[in-house]
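A.B. asks: Take this structure first; my questions come after.
The values are calculated or read from the model by the stated rules, or taken from the named source; none is laboratory data. Owing to the predicted nature of the structure, the values given are computational and were not obtained by experimental measurement. Positions of Cβ are backbone-derived with ideal geometry, glycine not excepted, and every protein chain shown enters the neighbour counts. We work out accessible area using only protein heavy atoms, side chains counted, and drop any ligands, DNA or RNA first. Shrake-Rupley method; radii C 1.70, N 1.55, O 1.52, S 1.80 Å.
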Amino acid sequence: MHIKISLIIILSIISFSQSLVSNYVPIIGRDLNNPADITRAALTTYLNANDALSYSKGFIYEIPGDVFNITFSKFYLNNIISLSASDTFGALSHYNSLIGLYNNLNNISLVGLNNTIIYINTISKFANLDATKFDPITASINNLKSSIDSIMQSTTIFATAMNTTKNSLSPSTPNVATVQVVKDNYDLVIKSVLSIFNHLDSMKYPLNNMLSLMPTCKEEVEFYLDSLTSDDDYMANMKSYMTTFLKFSNILYERSLLFTKLKEFF
């Protein structure tokens, strides 16, 4: 009996040692542990500059004017508040709404990037053959998209509220020149909030592509468990999916970076 058990163990070890299935190790040589690791890990997944550009298609590069207006919106509203002693121009409530929006943008971006670290570390474990490990990633990305949609809706409501306030101002209160300065400042904030809407919408592009890979990854594991694919094919396919996921994760990182800095302007 002892000899038989030992033989089984030896055969199992030999069988395992012959398996080509191993975990994916990013270029940084370890699991990711901070958002900056995302772009580092993705760097070598591009074949060349053209490949990098093709995966950045649709990327909304930061427009200097939009970045300036987004980061200085707080000061534009502060300027309106300072022009009257009794909030004549209605900017105080809008200022509080802007700080709330900044907070939400900062939080959703950090949550998205920190979750992406978990996604990458999970997917890279090719030797973990639990096909259900992709389900929490699917649920998490869908939740993130829902949160982004909610913030997008709030930016539209916010921009509309400021526009209503701006249009309600009379040129005679207290004088034409001051009211025009107030309106100009409101226009800048409204423009920046609308650009935030577009920026948020652009974050869904990489998220949708990351999400679409989850059923494929899950199916690949299930095929392998059912012996419908070889070690070589399983590893090659999973590496391809991992590479694609890293590329879209990098796009998400680039599109989230501005919002993670907003709290510095509070």
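A.B. asks: Consider just the alpha-carbon atoms of the chain and return their Rg together with their Dmax, both in angstrom.
C.D. replies: Rg, Dmax (Cα atoms, Å): 25.5, 101.
A.B. asks: If the cut-off is 20 Å between C-alpha atoms, which aspartates and glutamates fall inside it for Lys263, apart from same-chain ones fewer than 8 positions away?
C.D. replies: Within the straight-line limit of under 20 Å, Lys263 reaches these aspartates and glutamates: Glu62, Asp66, Glu254.
A.B. asks: Per the helix-only calculation at 222 nm, which mean residue ellipticity applies to the chain, given -39500 (n - 2.57) for every DSSP H run of n ≥ 4 and division by its residues, nearest 500 deg cm²/dmol?
C.D. replies: Per the formula, -26000 deg cm²/dmol.
A.B. asks: Which of Lys191/Lys247; Lys125/Lys247; Lys145/Lys166; Lys218/Lys261 have a Cα-Cα distance over 27 Å?
C.D. replies: Lys191/Lys247; Lys145/Lys166; Lys218/Lys261
A.B. asks: Let me ask something else about it. Please compute the net charge surrounding Leu105, taking Lys and Arg as +1 and Asp and Glu as -1 over other residues with Cβ under 14 Å from its Cβ.
C.D. replies: Once all neighbours under 14 Å are counted, the net charge is 0.
A.B. asks: Right, next: Give me the angle, in degrees from 0 to 90, between the Cα long axis of helix 231-260 and the longest principal axis of the Cα atoms of the chain, rounded to the nearest 10.
C.D. replies: Here the helix axis deviates by roughly 20 degrees.
A.B. asks: Please work out the average accessible area per residue across the chain, using the 1.4 Å probe convention, and give it in Å².
C.D. replies: 51
A.B. asks: Turning to a different aspect of this structure: Hey, could you pull the Cα Rg and Dmax for the stretch 28-186, both in Å?
C.D. replies: Both quantities, over Cα of the stretch 28-186: 22.2, 73 Å.
A.B. asks: For the chain, which whole percent of the accessible surface, found with a 1.4 angstrom probe, sits on carbon and sulfur atoms?
C.D. replies: The nonpolar share, carbon plus sulfur, comes to 60 percent.
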